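Each remark here refers to the structure printed beneath this line.
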Amino acid sequence: MFDSSTPLLQHGNSKLGRAIHVWSIPAVDTCPGSTAVCRRLCYALRHRFRFDSVKRRLSWNRRQCDRRDFVERMVSEIRRSGVLVLRIHVAGDFYDAEYVRKWSAIVKRSPRVRFYAYTRSWRIAAIAPALRELAAQSAMRLWYSSDDESGVPAHMPPKVRLAHLQTTSAAPPSSADLVFRPHPLRTLPELPVVCDHETTSGRRLGVTCGSCGKCFR
């Protein structure tokens, strides 16, 4: 079904908007910094992600990461497709330091593209230094993800911002630059830091990640 001629990247969904390209790999198995909370609420284990066709695609993507030509192929496709914004990991996370360094090489060779990603792998000591190097790239916007179980990082590297998963009606951490809310909490009073797509007013206006841009500008 998939071979070397298959494009690596896909267009965004209804939340992201079609102007954003995405790269994903299977969730959970590639998420060493995950918590019980984020695994329980993970959208990448629900809905369309349960389709066999999607599972096969994500498994194929994961195998591409181990190929020696992964960086070269990704850079070539980014240039050929005229990618402007690339969301790394709608599903999945940075599973080891070598994989992070591959993305650092891709970002460095694609300075006109805006990359962004959220990660809980900051919790893994063997991966954290590579993430700091990735975050330092001028074209990269990296978010450390947190929840009540993970707590917030003791230190935030330059340029890195904090995205918090709110799971109760209690106020999110004051250090959070962005807050995501699962469906039961989306009726709570709106806050400036809450993802616009997850607010009543934002959904009424049809806000997408592409039209908002808060996460990658």
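Computed from the coordinates by the stated procedures, all read-outs in this text should not be read as laboratory data. Bear in mind that the values here come from a model prediction, so they are computed numbers and not experimental data. We place every Cβ from the backbone using ideal geometry, glycine too, and count neighbours over all the protein chains shown.
Could you tell me the calculated FRET efficiency between L191 and R80, based on Cβ-Cβ distance and R0 = 35 angstrom, to the nearest 0.05?
On the way: r = 41 Å, r/R0 = 1.16.
Result of the calculation: an efficiency of 0.30.
What does the convex hull of the Cα atoms come to per residue for region 83-125, in Å³? If you can, show how the numbers build up before the last one.
On the way: hull volume 3.1 nm³, N = 43.
About 72 Å³ per residue, rounded to a whole number.
Name the residues whose placed amide hydrogens come within less than 5 Å of the amide hydrogen of V194, ignoring near sequence neighbours (fewer than 5 apart) on the same chain.
For V194, the qualifying residues are V179.
Just grab the label-to-label distance for M1 and L41, each label 7 Å out from Cα along the Cβ direction, in nm (one decimal).
Calculated label separation equals 3.1 nm.
With the dipole of region 10-212 worked out from charges on the C-beta (+1 for Lys and Arg, -1 for Asp and Glu) around the Cα centre, which of A36, L86, P158 lies farthest toward the positive end?
With unit charges placed on the Cβ atoms, the residue in question is L86.
So, by mean Cβ neighbours within 10 angstrom, what's the order for 25-38, 145-158 with the highest one leading? List each step's numbers first, then the result.
Numbers: 25-38: 18.6, 145-158: 15.1.
Averaged packing, sorted descending, gives the order 25-38, 145-158.
For region 200-217, take each phi angle, set θ = phi - 60°, evaluate the Karplus expression 6.51 cos²θ - 1.76 cosθ + 1.60, and give the result in whole Hz per residue in order, putting x for glycine and proline.
Per-residue couplings from phi come out as 4, 5, x, 5, 4, 8, x, 5, 10, 4, x, 7, 7, x, 4, 7, 10, 8 Hz.
Between S201 and S59, what is the FRET efficiency for a Förster distance of 30 Å, r being their Cβ-Cβ separation, to the nearest 0.05? Walk me through the intermediate numbers first.
Values: r = 38 Å, r/R0 = 1.28.
According to the calculation, E is roughly 0.20.
Out of A117, S76, L134, whose Cα points farthest toward the positive end of the dipole of the chain (charges: +1 Lys, Arg; -1 Asp, Glu; placed on Cβ)?
The residue sitting farthest along the positive end of the dipole is S76.
Want the number for D69 to A170: 0.36 nm per residue separation, take away the alpha-carbon distance, what's left?
Values: separation 101, 0.36 × 101 = 36.36 nm, distance 4.67 nm.
Here the segment from D69 to A170 would lengthen by 31.7 nm.
Going highest first, how would you order 183-195, 108-120 by mean Cβ packing within 10 Å?
On the way: 183-195: 13.4, 108-120: 19.2.
Highest-to-lowest ranking by the protection proxy: 108-120, 183-195.
How large is the convex hull of the Cα atoms of region 172-217 per residue, expressed in Å³ as a whole number?
Working: hull volume 3.6 nm³, N = 46.
Output value, Cα hull per residue: 77 Å³.
Working from the alpha-carbon coordinates of region 42-152, get Rg over Rh, Rh being the Kirkwood radius. Before the final figure, lay out each step's value.
Working: Rg = 14.4 Å, Rh = 15.0 Å.
Rounded to two decimals, Rg/Rh equals 0.96.
If you put +1 on each Lys and Arg Cβ and -1 on each Asp and Glu Cβ, how big is the dipole of region 113-173 around its Cα centre, in Debye rounded to 20?
On the way: 7 positive and 4 negative charges, 62 e Å.
It comes to approximately 300 debye.
Based on the mean of other beta carbon atoms within 10 Å per residue, what is the order of 44-51, 55-62, most packed first? Working shown, then result.
Values: 44-51: 12.6, 55-62: 15.6.
Result, highest mean first: 55-62, 44-51.
Rg(Cα) of region 121-217 divided by 2.2 N^0.38 Å?
Values: Rg = 14.4 Å, N = 97, 2.2 N^0.38 = 12.5 Å.
For region 121-217, the normalised Cα radius of gyration comes out at 1.15.
So if each residue of separation counts as 0.36 nm, and I subtract the Cα-Cα distance between M156 and K214, what length gain in nm does that give?
Values: separation 58, 0.36 × 58 = 20.88 nm, distance 1.86 nm.
Computed gain between M156 and K214 is 19.0 nm.
Through the Karplus equation 6.51 cos²θ - 1.76 cosθ + 1.60, θ set to phi - 60°, convert the phi angles of region 57-63 into ³J(HN,Hα) values in whole Hz; use x for Gly and Pro.
Once θ is set to phi - 60°, the couplings for region 57-63 become 5, 5, 5, 5, 4, 4, 5 Hz.
Mind checking the full-extension length gain between Q10 and F51? Use 0.36 nm per residue of separation minus the Cα-Cα distance, one decimal, nm. Don't jump to the answer; show the numbers that get you there.
Numbers: separation 41, 0.36 × 41 = 14.76 nm, distance 1.65 nm.
Length difference between fully extended and current span is 13.1 nm.
Could you tell me how far the Cα centroid of region 17-37 sits from the Cα centroid of region 197-217, in Å?
20 Å
Taking a quarter of the surface of the convex hull around the Cα atoms of the chain, what do you get in nm²?
Details: hull surface 46.3 nm².
Value for the chain: 11.6 nm².
Under a point-charge model restricted to the Cβ atoms of Lys and Arg (+1) and Asp and Glu (-1), what is the dipole moment magnitude of the chain relative to its Cα centre, in debye to the nearest 20? Please report the intermediate quantities before stating the final value.
Details: 36 positive and 18 negative charges, 130 e Å.
Dipole of the chain, to the nearest 20 debye: 620 debye.
5 Å is the cut-off here: which amide hydrogens, built 1.01 Å from N in the peptide plane, fall below it relative to L165, excluding neighbours closer than 5 in sequence?
Counting only residues 5 or more places away or on other chains, the set is S146, D147, F180.
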